Amino acid sequence: MKTISPYPYPLKSQISISIVVLGVLTPLLIFTAAIILILAVRKEGFEEISLAWIIHLFWLFPLLALAAVISGYSVLTVEKDKVTERRLWKQREFLRSDITGYAERYRYRQGKRLLLELRGGEQIQIHSSYYRNYQVLKEALTEGVEAQPALAATLNREENKRLLVWGALAFGAGMLYVLVIQYNLQKLPLKAGDLQPLQLMLAEKPRVQLETKEGDTLITRVALATREYPGVEFQLKGSALYAARAEELTHQLHTGDHVRLLADRKDYYYAVTRNDHPAVRLQAVDVYALRSKGTELLTLRAYNAERQAQLEYERNMLGLGLCIIGLFLGWRGWVYLSET
């Protein structure tokens, strides 16, 4: 017969501060920021910028995170002879004497997971990350109950199932990114007729942004400030920077030099042409071709070749990664099926 533990009854669960901050308040703040950003984008007409439509999905991710936290959390009330579990959509009650076995499993950085088995085979899972008083709850619920090795195997199968789900999500995200890369490849090559030609005078020497990586100092961005458009930078980065040989470029350009360039037309429109001071103002315009003093410092052909090579490399590496993930999912799926 069970003995009654000396806990003050009713014993109520206390939600973890980390869950409140990371699982509730943070998603709500991100959701609010996403809505404000979407309203600003719509008001200022930024929908035309490439991939601006993704901004309209920002609200979805924090909302999904909040829904996951709320659906996974339950309020527990442990009385002397009865336990009440309240979730968002349902509530159930059972006697403490109905708990016939339990198992607990610890996972690094995931906390503890307690599985209770009730008379009749029903099971209840409790996560330590949700509760400040998890240990007290566990002791009150498992008092006089023996641990069951079979339930530990059930927890292991549940973990394998979650691993498969997250792996499948990662695989799907990778496939989506492959489609994005393929879309960018289809947009190549850029043509001069699709870009904005400009003749400008430099207001100062090119500004260079450096990054130290594995002991080497790398140029990651070169910004050109011009007298015609103060406050707006014409930048070379990524494939354009690699194709331009950045170190040579920074040595050849000086204050007062005249330059001819081909810039992104949409960037130019939002950073230069518009004069109504948008809430989300572009201050940098991408450059894809650059000429000064009769020297081609960056050609459109060189940019297209570099960009295509970069995208194809990313696609191939990602494809290799997806093959590895696919093999891993296949193996874990076989293990999961063999355990069920």
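Structure values in brief
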{"read-out": "Condition met for LEU118 (farther than 22 Å from VAL24 by Cα and either of a type in the set (A, V, I, L, M, F, W, C) or at pLDDT below 85 (or both))", "value": "yes"}
{"read-out": "Any chance LEU290 is modelled with pLDDT under 85 and crowded, with 16+ Cβ neighbours inside 10 Å", "value": "no"}
{"read-out": "Qualifying position, being touching a residue at least 40 places away in the same chain (Cβ under 8 Å) and surrounded by 11 or more Cβ atoms within 10 Å (Cβ to Cβ), among LEU164, LEU218", "value": "LEU164"}
{"read-out": "Residues located in the stretch 233-269, provided they are part of a loop (DSSP other than H, G, I, E, B) and more than 13 Å from TYR303 (Cα to Cα)", "value": "LEU253, HIS254, THR255, GLY256, ASP257"}
{"read-out": "Condition met for LYS213 (modelled with pLDDT of 85 or more and charged (D, E, K, R))", "value": "no"}
{"read-out": "Single match in LEU337, LEU320 (criterion: in the same structural domain as GLU159 (by TED's automatic domain parsing), at pLDDT 85 or above, exposed (fewer than 12 other Cβ atoms within 10 Å of the Cβ) and on the phi < 0 side of the Ramachandran plot)", "value": "LEU320"}
{"read-out": "Criterion: without any contact (Cβ under 8 Å) to a residue 40 or more places away in the chain and either part of a helix (DSSP H, G or I) or out of contact with any helix residue (DSSP H, G or I) (no Cβ under 8 Å at 6 or more places or on another chain) (or both) - qualifying residue of PRO197, PRO230", "value": "PRO230"}
{"read-out": "Residue list for the stretch 105-138, restricted to those being over 24 Å from VAL20 (Cα atoms) and either surrounded by 13 or more Cβ atoms within 10 Å (Cβ to Cβ) or not assigned by TED's automatic domain parsing to the domain that holds GLU79 (or both)", "value": "LEU116, GLU117, LEU118, GLN123"}
{"read-out": "Exclusive hit being in the same structural domain as PHE328 (by TED's automatic domain parsing) and either of a type in the set (Asp, Glu) or part of a strand (DSSP E or B) (or both), set GLU204, GLU211, GLU158", "value": "GLU158"}
{"read-out": "Residue that is surrounded by the most Cβ atoms within 10 Å (Cβ to Cβ), among those in the stretch 11-49 that are part of a loop (DSSP other than H, G, I, E, B) and modelled with pLDDT under 80", "value": "ILE49"}
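The values are calculated or read from the model by the stated rules, or taken from the named source; none is laboratory data. In this text, all values refer to a predicted model and were calculated from it rather than measured experimentally. We place every Cβ from the backbone using ideal geometry, glycine too, and count neighbours over all the protein chains shown.
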